[in-house]
1. In region 66-84, how many residues are in contact (Cβ under 8 Å) with a residue 40 or more places away in the chain, closer than 13 Å to H38 by Cβ and of a type in the set (A, V, I, L, M)?
2. Could you say which residue among V16, V4, V20 is at pLDDT below 90 and surrounded by 14 or more Cβ atoms within 10 Å (Cβ to Cβ)?
3. Tell me, which residue of region 191-203 that is surrounded by 12 or more Cβ atoms within 10 Å (Cβ to Cβ) and out of contact with any Leu (no Cβ under 7 Å at 6 or more places or on another chain) is modelled with the lowest pLDDT?
4. Where in region 75-152 are the helices (runs of 4 or more DSSP H), entirely inside, with at least 1 residues that are at pLDDT 90 or above?
Amino acid sequence: MLMVVPAEPEALTPEVVRLVALARTGDRAAFGRLIEDHLTAARRLALAAVGQPMDADEAVQEASVAAWTRLGSLQDPAAFRGWFMRIVWRKAIDRRRSVRTWLDRFGVSSSDDRPLEFPAADPSPDAVLISRELALAIAQVVRALPKKLRDPFLLAASGDHRYEEIALLLGIPIGTVKWRISEARRLIRLKLDRLGHGPQTDQGHRRHR
């Protein structure tokens, strides 16, 4: 239920290098291909930061514009993916801060009861079977995690980022990333168990069917 799925394979480096070279000459179609190839991962990354699809889409759009204007600063074309994802993450964090500031200014709680959308790939058969009650419980528990635990956990859970990439995105050592993800998973399991959604509860439900 709380598995961290493996990262997706990166796009073929020679093609990325070719597209970056074309984009640097002003070829917007080539740049569009670059963004399109990384769009799903970028959206999941932004969603991990802001939690809502509309804010995630706007963060990715802002990051795409920034990447186009800064493309000349990319030293290694083969590293486009990591470079672009760092821009996406910064834009998403900026948006999260601005949304929180706006909510605080008008006296609205930023920790509302809207369901938290997880930045995950297409749902597996097991995920489809999870009840709405359990899904909401998980969302609330994850939302309640301290930001320093929640961010690396959601980045890892998206399946798009290896520990090394998460460490670069968050600016922390890889050992710290691993510990925070492990601690987040421990707290989630503990809190779900207290809410009656632990393994023993699930087994009890199955016995009564």
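1. 0
2. Unique residue meeting the criteria: V4.
3. So, considering only residues that are surrounded by 12 or more Cβ atoms within 10 Å (Cβ to Cβ) and out of contact with any Leu (no Cβ under 7 Å at 6 or more places or on another chain), the one modelled with the lowest pLDDT is T201.
4. Details: elements: 80-105, 125-129, 132-144.
Helices (runs of 4 or more DSSP H) meeting the threshold: 80-105.
The values are calculated or read from the model by the stated rules, or taken from the named source; none is laboratory data. Just so we're clear, the structure is a prediction, and the values are computed from it rather than from any experiment. No Cβ is skipped: glycine too gets one built from the backbone with ideal geometry, and neighbour counts run over all protein chains shown.
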